[in-house]
Amino acid sequence: MRALVIDDSRAMRTILGRILVGQGFTVSEAGNGQEALDSLDALHAEGDTPVLCLVDWNMPVMDGLTFIKEVGKRDEYRNITLMMVTTESEHGNIVRALAAGAHEYVIKPFTADAIADKLALLGLVSAEVSA
Amino acid sequence: MTTLATTAFDWVRELVYREAAIVLEPGKEYLVEARLTPLARAAGKPSVSVYVDGLRVSRDPREQAKIVDALTTNETSWFRDGAPFRAVAEHIVPEILRSGRPDRVLRIWSAASSSGQEAYTVAMSIQDKVRAAGWRFEILGTDISEEMLTKARAGRYSQLEVNRGLPAPLLVKHFTRKGTEWEVSPELKANIKFQRLNLAAPFPVMPQFDIVLLRNVLIYFDTATKRSILRRVAGTLRPNGCLLLGGAETTLGVDDSWERVLVAGAPVHRPATSIGSKGA
Amino acid sequence: MTATLAVDDLLAIAGDLWTSYLGSEPTPSVPGVGKPAQVTASVSIAGEWDGVVVVSLSAKTAQDVGSALLQLDAADLEPGDVDDAVGELVNIVGGNVKSVLPGPSSLSLPVVAHGTAHVASRGAEIVAQAALEWLGEHVEITVWSSTSTEGASS
């Protein structure tokens, strides 16, 4: 399973990438929304379309909200699960992101368990049996 | 590499058994050390052993209550263990709503409600269905810890807590921001009551419940106490009511008056006499 | 707009941030007792509320933040890694601070400066300031509000 981590911070991409690899994903990275769209197209052309994108909100060139709207216009990407992972944490902004097409939303700071829980809720990984 | 003195561990074991009937087996020193370290630090003591030694002399009841709290609280997180909530919302509750029962009130007991996430999770997952059917619901959350009850009643959770296993659409539907925290809507709180209850002691007068959630709490008790709790819980269930235990828990070998069926992948227990003609 | 931001809010935000990514919790300290900061990271908030959120720290702490976030030894950090990590730190603090203040407002991308930087502009005032001690070093989080007559400058 391919995942694309989109964040302008290399440190944050590293943290998220490690968590996803631990959950069994193969991870690609992009530093902003435009790079991410280019990356999606390249992966799609290779028949390796990601099943999941983790998307930061505030990024240079193209922000995460715009990226999510762009993905929503593209039929070939309708099966991608879009999860915002951002420090934007007002109630209204979460509503905006969900309305734009995000499926899930994780607020920074997060723990690795928080990402794993959301992936399980989305049915992308199987839930742990632990108490 | 535990540094907890045996005398301190034994004293804590006896305290927790006496106050909450919870058995801490030898080998659980690490748990005592981990859970009591913040209390020791808050009391300005250099170690858990020194903190406990001080209490063995002073017998400060407030500190003793804090120890019982610290060792009886279990972590809960919304829909993280999703199967029981799906079973309740998609199967058990719709079946009851279809029954056409005249009272039209659904009663649910979250029997070790901790900081309230389980009770609120059930409420979030059934509210729309129950209302659409013209019914209402009442949820009772009980816990032994006053600190947890206070937190559950406030319904306020940190950002890290709402990040754990709570779907974003439900977060925005049922919570509002209060400073750095998130608070459950008054609408959801209106159907939920939290009160103190010690599962190991006789129960007060209780209504008859359709569903009892008793998840990941029996593991703390010895077999005789487990059996006693299960018998008394059976007494609070309506005919054909459901008991949901934690994923790794069973009534088998403890109290054989229950039948276990799988509902949407979640084990559901019903008093054996109430099982109808249909099996699992 | 009047800000309603308490020092405890800053400490709560920092506590969550440090436990999530930095491996150990900081202890609250007193602002102004540390040496002059060597690294200053800031983000600005603009909209219903205008101001700047600043995290100031020593060069050693900045490097520790880089090592912890990237899980690399200090010697293995690439050029730009420390600024990237400290920038992400102030981005997270800034976003959480913004959510407590009157909105809607938007958050700028982070700016990281080395040397003793003067972030405050004329007419700005401190709304809340928290100090932390982490791994024996002093860290300060300061939230400045701009007065409405001062234009936002970057």
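Between 0 and 90 degrees, rounded to the nearest ten: what's the tilt of helix C:7-21 against the longest Cα principal axis of chain C? It is inclined by approximately 30 degrees. Rounded to the nearest 10 degrees, the angle from helix B:48-58 to the longest Cα principal axis of chain B is 80 degrees. Applied to region B:167-184, the Karplus parametrisation 6.51 cos²θ - 1.76 cosθ + 1.60 on θ = phi - 60° returns per-residue 3J(HN,Hα) values of x, 4, x, 7, 4, 6, 6, 10, 10, 10, 6, 10, x, 8, 10, 10, 10, 5 Hz, with x for Gly and Pro. Placing a pseudo-label 7 Å from each Cα along the Cα-to-Cβ vector at B:A248 and B:E14 gives an inter-label distance of 3.0 nm. Listed by chain and number, the lysines whose C-alpha is less than 20 Å from the C-alpha of C:K60, apart from same-chain residues fewer than 8 away, are C:K35.
For chain A, just say rounded, prolate or oblate: build the C-alpha gyration tensor, square-root its eigenvalues into a ≥ b ≥ c, call rounded for a/c under 1.5, and beyond that prolate if a/b exceeds b/c, oblate if not.
Details: a/c = 1.39, a/b = 1.13, b/c = 1.23.
Taking the square roots of the gyration eigenvalues as a ≥ b ≥ c, chain A is rounded.
Here the Debye sum runs over all C-alpha atoms of chain B as equal scatterers in vacuum, and log10 of I(q)/I(0) at q = 0.12, 0.14, 0.15 Å⁻¹ comes out as -0.80, -1.05, -1.17. In this structure, the amide hydrogen of B:C242, modeled 1.01 Å from its nitrogen in the peptide plane, lies closer than 5 angstrom to those of B:I211, B:V212, counting only residues at least 5 positions away or on a different chain. Whole-percent P(r), region B:166-234, all Cα pairs, 5 Å bins from 0: 3, 11, 17, 17, 13, 11, 14, 10, 3, 0. Between B:E63 and C:I126, the distance separating the two model label sites (each 7 Å from Cα on the Cα→Cβ line) works out to 3.7 nm.
When shorter helices are ignored and each DSSP H run of at least 4 residues is given -39500 (n - 2.57), the per-residue value for the protein assembly as shown at 222 nm works out to -11500 deg cm²/dmol. Treating r as the C-beta distance of B:A132 and B:A272 and R0 as 35 Å, the FRET efficiency rounds to 0.60.
Straight-distance candidates among the lysines for linking to B:K173, with alpha-carbon spacing under 18 Å and chain neighbours fewer than 8 residues away dropped: A:K118, B:K129, B:K189.
Computed from the coordinates by the stated procedures, all read-outs in this text should not be read as laboratory data. Worth saying up front: this structure is predicted, and the values here are computed from it rather than measured. Ideal geometry is used to build each Cβ from the backbone, glycine not excepted, and the neighbour counts take in all protein chains shown.
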